[in-house]
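The structure under discussion appears below in the form of structure tokens.
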Amino acid sequence: MHHVKINELALKIVNDIIANKELYGAKIEKLSSGATVIDMTNASWIGGKLVGEICMGGLGSVEFTSYNLDGHYLPAVNVYTSEPIISCMASQLAGWSVKLKKEVEKDGQIKKKVVFQSLGSGPARAKSRGEKLFEELNYQDDSECAIIVFETRKMPNDEVMAIVTDKSKVAPNQTYAICAPTACLTGSIQVAARIVETGIHKLHEIHFPLDVIKDGFGTTTIAPIAKDDFAAMGTTNDSIIAAGTTFYTIEADKSQEEELFALLEKAPANQSSSYGKPFNEIFKAANYDFYKIDPGLFAPAKYTVNNIKTGRTITVGEINHNLLKQSYGLR
């Protein structure tokens, strides 16, 4: 599958959204450069699902289900992929920081001011390959288009899209940005759809070998839409931290299995020193400094791993309904 062009696969979904913009609740803007910006702030349920699948480079599926949270009926997602490293690590991971600075005059001095900043996810990352992670991934995409997903309320202009175009080495009219803030239906859906990716990213952080992972499946709640983007950052993260469950198949020799299963014990969110309260309470206690939060917190609540070479399976971690109810403000 390493010859698959994920930007071209994602473009099929993008073209579906463009062709059915009213059905999916999308707002399409063609910039003067020829780049296309798609605003999914007011998108439908299916529109949100399609954004999740674009993030996965067309190599993953997002389906809706439901979740009973101690009597509270909540929507949820089932996410699955048989190309977890390409779809999650080479595409869905929000690893490309796109920033635009402009010179402004302040107190008689010329200073640079950030006028746009957003983490980019989606298959355009595999075109730009600007992250150190790509030195480890045995994947390269030679698509002639680039699709990036921004979690933002401010739509990118021509100057922002020029950054994507230049880094991705594609023509401006082959560059697409899919955008939505965190505090909207699409925001809640697309973050929940990161459940498999979040699990793999944590495994990578604890030096679990990615090459043994063959398939991924995950389920988590779709957070109720929050009052603003800051509040939504907390509830959407807590969906994964408190209720996210994942299932991975791996292919590892019997001699390697015990070491891998022992390493897996470190993966769930409850192993983090920052675990125990809703995310935004933790963030506030850290004086809103992400670097004061243990990065190990960003992980699913539970992992189940099945080694298909031996048939053995292990489950680690725990679901925390009290934490999630507190985060969501459920009554």
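The values are calculated or read from the model by the stated rules, or taken from the named source; none is laboratory data. Please read these numbers as outputs of a predicted model, since none were measured by experiment. Neighbour counts run over all protein chains shown; Cβ positions are idealised from the backbone, glycine included.
Odds and ends about this structure:
- Sole residue being charged (D, E, K, R), under 27 Å from GLU135 (Cα atoms) and not assigned by TED's automatic domain parsing to the domain that holds LEU93, chosen from ASP253, ASP238, ASP229: ASP253
- Matching residues, region 246-296, being at negative phi and among the aromatic types (Phe, Trp, Tyr): PHE247, TYR248, PHE261, TYR275, PHE279, PHE283, PHE290, TYR291
- SER239 satisfies every condition listed in (1) over 15 Å from PRO75 (Cα atoms); (2) touching a residue at least 24 places away in the same chain (Cβ under 8 Å) except (1).
- Of the set (1) without any contact (Cβ under 8 Å) to a residue 60 or more places away in the chain; (2) surrounded by fewer than 20 Cβ atoms within 10 Å (Cβ to Cβ); (3) under 24 Å from GLY218 (Cα atoms), all apply to LEU74 but (1).
- Pairs where the first residue, in region 121-136, is more than 22 Å from LEU11 (Cβ to Cβ) and in contact (Cβ under 8 Å) with a residue 40 or more places away in the chain and the second is of a type in the set (Ser, Thr, Tyr) and part of a loop (DSSP other than H, G, I, E, B), C-beta under 9 Å, 6+ apart: none
- Any hit, region 269-281, residues being loosely packed, with under 13 Cβ neighbours inside 10 Å and acidic (Asp, Glu): no
- Condition check for LYS154: over 27 Å from VAL212 (Cβ atoms), at pLDDT below 95, surrounded by fewer than 17 Cβ atoms within 10 Å (Cβ to Cβ) and not small (Gly, Ala, Ser): no
- Cross-chain or 6+ apart pairs with Cβ under 9 Å, region 51-71 first and under 27 Å from ASN7 (Cα atoms) and free of Cβ contacts under 8 Å to residues at least 24 places away in the same chain, then aromatic (Phe, Trp, Tyr) and assigned to a strand (DSSP E or B): SER61/TYR80; GLU63/TYR80
- Verdict on ASP229 being surrounded by fewer than 21 Cβ atoms within 10 Å (Cβ to Cβ) and within 18 Å of the chain's Cα centre (by Cα): yes
- Flag: GLY58 matches the condition of being more than 22 Å from ASP228 (Cα to Cα) and surrounded by 18 or more Cβ atoms within 10 Å (Cβ to Cβ).
- Any hit, region 135-146, residues being modelled with pLDDT of 95 or more, under 20 Å from the mean Cα position of the chain (by Cα), outside the structural domain of HIS201 (by TED's automatic domain parsing) and closer than 24 Å to GLY47 by Cβ: yes
- Of all the residues in region 188-226, those that are assigned to a loop (DSSP other than H, G, I, E, B), surrounded by 24 or more Cβ atoms within 10 Å (Cβ to Cβ) and hydrophobic (A, V, I, L, M, F, W, C) number 3.
- Residue check, PHE298 buried (at least 18 other Cβ atoms within 10 Å of the Cβ), out of contact with any Leu (no Cβ under 8 Å at 6 or more places or on another chain) and more than 22 Å from VAL196 (Cα to Cα): no
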